[in-house]
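Where a number appears in this text, it was derived from the coordinates with a stated rule and is not lab data. Predicted, not measured: the structure shown is a model, and the values here were computed from it. Cβ: placed from backbone, ideal geometry, glycine included. Neighbour counts: every protein chain shown.
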Amino acid sequence: MPIQFTEEKGGKLLVIHLSGKLEVADYELVVPECERLIRQHGKLSILFEMAEFKGWDAGALWEEIKFDIEHFADIKRVAMVGDKKWQEVMATLYKSFTKAESRYFDINDSASARKWLEEA
């Protein structure tokens, strides 16, 4: 499965592990979980761990954009941890779709990403 998620910090931090290529079916798992946590806890922080992440198919990319627009103000901070230059570019583009503070971290610096999320 290219997407796995875990709750941390009492549900205020959602850690999403991405690998492979995301499809629409993956969003059918993640979106309800994110929305449940938003209802329960208000604004979330999200850590995307993108080891061996290959991107989205067209349908999944559309689902991502819809989620970002619908939950524009529901995310507090987003840390993206990856190992590819295009992932860093994606993190920069992500800022256009959210009010959340977002930062990119190299895969070898995931501890700094977690620390930054906890500062919020």
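A few comments on the model shown:
- Between I69 and D57, the distance separating the two model label sites (each 7 Å from Cα on the Cα→Cβ line) works out to 2.2 nm.
- Based on DSSP H segments of at least four residues, each scored -39500 (n - 2.57), the chain has a per-residue ellipticity at 222 nm of -13000 deg cm²/dmol.
- Rounded to the nearest 20, the Cβ-based charge dipole of the chain about its Cα centre (Lys and Arg +1, Asp and Glu -1) stands at 420 debye.
- S45, S96 arranged by Cβ crowding within 10 Å, fewest neighbours leading: S96, S45
- Under-5 Å amide H pairs with G55, H placed in peptide plane, nonlocal only: L22
- Note on K99: lysines with a C-alpha under 18 Å away, same-chain residues under 8 apart excluded, are K12, K43, K66, K76.
- Options A100, M50, I69, ranked by Cα towards positive dipole end of the range 3-118, top entry (Cβ charges): A100
- Among V24, V78, a tally of other beta-carbon atoms within 10 Å of each Cβ gives an order, fewest to most, of V24, V78.
- Calculated SAXS-style log₁₀ I(q)/I(0) at q = 0.15 Å⁻¹ - the chain, Debye, Cα scatterers: -0.61
- Fully extended contour minus Cα-Cα distance, from K84 to E101, at 0.36 nm per residue: 4.1 nm
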